[in-house]
Amino acid sequence: MNQGNRIPGAPIIDHVGIAVNSLPDAIRQWSAILGQPPSGEETVPSEGIRATFFGEGSGRIELLAPLTPESPIARFLERRGPGIHHVCVRVGDLEDALAAAETAGAEAIPPRIRRGAGGARIAFLHPRSLKGVLLEMREDPERG
């Protein structure tokens, strides 16, 4: 694999996304468990979610609540209930990383590249092509 497709070294987990029914209830519980308040919260209309993060930098926890019954998170909650929704890794160049993933047999979910939380460029790889795991790729915020 071309080293430009990723950050050198071990994969960097940007965050783990957890689907929740009630953001206020989940924030109370996670704040108590982690001993800290959330580090940020925002609405991402393109994904139909309200997101809250715990922590800064890599290794964050993202709580995701649906804005509408038609959002992907609402459908996930209906099918599977609350729980881990996705794992997000940082990549150096999103286009190159997507091309490498697709060459390796992964399937990008349309729209192929979009804006996510914090305005970051992101892409999702379909769980049917990754043994049941929804993988988000987030372009490294330090990139150019």
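Rolling a 1.4 angstrom probe over the protein heavy atoms, how many square angstrom per residue are accessible across region 1-130?
Computed with neighbouring chains in place, this is 52 Å² per residue.
Under a crude label model (7 Å from the Cα following the beta-carbon direction), how far is S58 from I33 in nanometres?
Between S58 and I33, the label points sit 2.3 nm apart.
Restricting things to Cα coordinates, could you compute the convex hull volume per residue of the chain in Å³?
It is 114 Å³ per residue.
Over the chain, calculate the relative contact order: mean separation of alpha carbon pairs under 8 Å at least 6 apart, over the residue count, as a percent.
Dividing the mean separation by the residue count of the chain yields 26 percent.
I'd like the Karplus ³J(HN,Hα) series for region 103-118: coefficients 6.51, -1.76, 1.60, θ = phi - 60°, whole numbers in Hz, and an x wherever there's a Gly or Pro.
3J(HN,Hα) across region 103-118, in whole Hz: 4, 7, x, 7, 10, 6, 8, x, x, 3, 10, 8, 9, x, 4, x.
Taking all protein chains as present, what is the carbon and sulfur share of the accessible area of the chain, in % to the nearest whole number, probe 1.4 Å?
56 percent
Using a 1.4 Å probe and ignoring any ligands, DNA or RNA, find the accessible area of H85 and quote it in Å² to the nearest 10.
Roll a 1.4 Å probe over it and H85 shows about 30 Å².
Suppose we flag GluC sites (Glu not before Pro) only when DSSP calls them loop and at most 16 other Cβ atoms lie within 10 Å. Which is the longest uninterrupted stretch of the chain?
Value returned for the longest uninterrupted segment is 1-55.
Whose amide H sits under 5 Å from the amide H of D14, counting only residues 5 or more places off or on another chain, with H placed in the peptide plane?
Here G59, C88, V89, R90 satisfy the definition.
Just to check I understand the Karplus step: with θ = phi - 60° and J = 6.51 cos²θ - 1.76 cosθ + 1.60, what whole-Hz values come out for region 33-39, glycine and proline as x?
Here the 3J(HN,Hα) series is 5, 7, x, 7, x, x, 8 Hz.
Taking a probe of 1.4 angstrom, what is the accessible area of V44 in Å², to the nearest 10?
10 Å²
The values are calculated or read from the model by the stated rules, or taken from the named source; none is laboratory data. What you see is a predicted model; the values in this text were computed from it and never measured. Every residue, glycine among them, receives a Cβ derived from its backbone with ideal geometry; neighbour counts consider all protein chains shown. These accessible areas exclude ligands, DNA and RNA; they are computed on the full protein's heavy atoms, side chains included. Shrake-Rupley method; radii C 1.70, N 1.55, O 1.52, S 1.80 Å.
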